[in-house]
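Asker: Take this structure first; my questions come after.
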Amino acid sequence: MIAVADWAVGNRMSLGVLYVLPMMLGALVLTPVQIILLATVCSSLRSKFDLPSPHIEMLLRFVFALISYSACGLVVAALIRINREQALRREAEEQVKTLAESSPAAILTVDGDGIVIAANHSANEMFALEGNQSLKGRSIAGYLPVLADALQVGFVSGGLKTAAQCQGRRENGEIFLANTWFSSYSVDKGKRLAAIVVDSSEEMREHEEENLRQLMRGNLIAASAVSHEVRNLCSAISVVSVNLRERYGLPREEEFQALESLVHGLEKVASIDLRTKSGDDLQDLRLQSVLDDLRIVIDAEWREIDGAVHWSLPEVSPRILADRHGLLQAFLNLAQNSHRAVHEMPLRELRISVEIDDRRAMVRFRDSGRGIAAPEHLFEPFQPGANGTGLGLYVSRAVIRGFGGDLRYEPQTSGSCFTVELQVVPINEE
């Protein structure tokens, strides 16, 4: 249409500028090579119907027109491509942002100084930030020290990519078990670290409670085996007694010896105590780390009953000789007993304190329950009225005695108090 109009006006004027319009329209759908071909066609039509001029001038006009039309089409095509790339980038960023905000895991980015520069909503919830407060702009060292430590590691080729299980701390001071996956990378402004954090406290709590149930089940089997042996010996004694009565006379010396042997065997079986660990199996560990694990396990169940656990711990935690797993199970049993004791009480409190005396550490569990009616029977197995098998305290004391410590009950005017006594590693040996 432009060429026809250009032919119609003849030599009166040139309509070459109008050929820019098909170049702009063609740039929407054509490739760069096709744009240059279209520019060649438009330049040829412009020269065909252009004003008469010398041959050299016509050639120059053709070349300049070809360059102008091609540049116009290529610029428009580049602008369209840039606009499309920006739209795709915005869409991708929106999708990533939506994914991060909707993720149940905490996702955050930290700069080289340990300051959080980005955090999703789950991160704010995980670290107990209330209202419109955000983790952004805060130091990560107070919440996840492992990430702050990772920033101190020298930069390696490709960045640091690893996973770690550590203890995190919420804004309210609550401790939780965190599984973290993080990687470091470098930008123009320095070092950066991106991390994904998952709260694993519930899994740990279930794991430890299941371990306690397994411990109770195993000791029940051991106690059943002891009872079985006692019954066998008693049956044998009964048979020997019947034989003596049937003779109506003085029994032979051998029968008295057999009866005496059976009685001694019964006494030996009845005196067997539960042994869990020998001295060679004990570990040199920090008491604070065991109490931190206990805190993660029990805090949630006390909050569920509107109760409170108060901790009174020394500034410097002692190192003790014990088996970490067995000691945690004993602590957990005492805490659960207190939990059951205060469940129906108006005041639901448990106070856990640590005192160090010479080479001993005393960990006390005081609750606000009704107290113990018959403390003299506390550590007897299969005691009447106990919850479950009645082996909990009996087994816990046996476990702690296996560490060279002891578990005892301390009478109180109200509530109950159990004290766990543990061996402390001297400073010079430490």
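Asker: From the set of residues in segment 298-314 that are aliphatic (A, V, I, L, M) and modelled with pLDDT of 90 or more, which is farthest from Ser368 (Cα to Cα)?
Answerer: Filtering first and then ranking leaves Leu313.
Yes/no matrix, rows are residues, columns are (1) surrounded by fewer than 17 Cβ atoms within 10 Å (Cβ to Cβ); (2) at pLDDT below 85; (3) not acidic (Asp, Glu):
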| position | (1), (2), (3) |
| --- | --- |
| Gly159 | yes, yes, yes |
| Phe176 | no, no, yes |
| Asp188 | yes, yes, no |
| Asn211 | yes, yes, yes |
| Gly218 | yes, yes, yes |
| Ile221 | yes, yes, yes |
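The values are calculated or read from the model by the stated rules, or taken from the named source; none is laboratory data. Every value quoted in this text rests on a predicted model; they were computed, and no experiment measured them. All Cβ positions, even for glycine, are placed from backbone atoms using ideal geometry, and neighbour counts span all protein chains on display.
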